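Below is one structure, written out as structure tokens, with a few remarks after it.
The values are calculated or read from the model by the stated rules, or taken from the named source; none is laboratory data. Please read all numbers here as calculations on a predicted model, not as lab measurements. Here the Cβ positions follow ideal geometry from the backbone for every residue, glycine too, while neighbour counts run over all protein chains shown.
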Amino acid sequence: MATYPIRVFGDPVLKRPTREVVDIDGTFVRLVDSMFTTMYDAPGVGLAAPQVGVQQRFFVYDIGDDPKVLINPKIVEQTGEWSYEEGCLSIPGVTIEIVRPKLVTVEALDLDGNEVTVEGDELLGRVFLHEIDHLDGVLMFDRVEGDARKAAMREWRARELAGPTSRDRDHAL
Ligand code: NI
């Protein structure tokens, strides 16, 4: 199965919003398969279509037990607060502590075109919020302000100069 190069910060495709998926056909299913391969290869636990240069509204994820694709996802409920040190496959080597809702409910289509409602708590909820941000052209840097944002940008520039290491994408989203 083919893998895609993962687009990194600075690539304009990461800042563009996506279009809804219209046809879940054979071509689309192969695209999804290749995204799973790309995500496992990275290795990451979530991957949104813009991260491989595809302007469509879907993402794949697997936090260890249940690989899934969510198509045209919508957040329908989010409650609580949870702080987590996020990493992003498109910003390798940088982690940022971000506070977001803890429990997240998403409505989407599955690969058979059926409507599904999925609930994610803590890490899974974080995957949903991070990947849906990607679908809206929003990156981790946009979720922090002031000194935290400056520190994250500094970390990114230092990492760019130093070059990537093999662990940079471990468990990233
Ligand atoms: Ni990401």
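In segment 66-84, the residues that are closer than 27 Å to GLN55 by Cβ form Cβ pairs under 6 Å with partners that are part of a loop (DSSP other than H, G, I, E, B), at six or more places apart or across chains, as follows: VAL69/LEU111; ILE71/VAL21; ASN72/GLU20; ASN72/VAL21; ASN72/ARG57; GLN78/PRO101. Within segment 4-19, the presence of a residue that is part of a strand (DSSP E or B) and crowded, with 18+ Cβ neighbours inside 10 Å is excluded.
What about LEU47, is it within 14 Å of the ligand (Cβ to nearest atom) and in a strand (DSSP E or B)? Yes; evaluated as a whole, the condition is true for this residue.
Taken over segment 97-156, residues that are farther than 30 Å from VAL29 by Cβ, surrounded by fewer than 13 Cβ atoms within 10 Å (Cβ to Cβ) and in contact with a strand residue (DSSP E or B) (Cβ under 6 Å, 6 or more places away or on another chain) amount to 2. Of the strands (runs of 3 or more DSSP E) that lie entirely inside segment 56-158, those containing 3 or more residues that are away from the ligand (no atom under 15 Å from the Cβ) span 68-79, 103-109, 115-121. For segment 159-173, the set of residues classified as more than 11 Å from the ligand (Cβ to nearest atom) and outside any loop (DSSP other than H, G, I, E, B) consists of ARG159, GLU160, LEU161, ALA162, listed by residue number. Pairing each residue of segment 145-165 that is on the phi < 0 side of the Ramachandran plot with any residue that is modelled with pLDDT of 85 or more and part of a helix (DSSP H, G or I), provided the two are 6+ apart or on different chains, yields C-beta distances under 8 Å for ARG149/PHE141; ALA152/MET140; ALA152/PHE141; MET153/PHE141; TRP156/PHE141.
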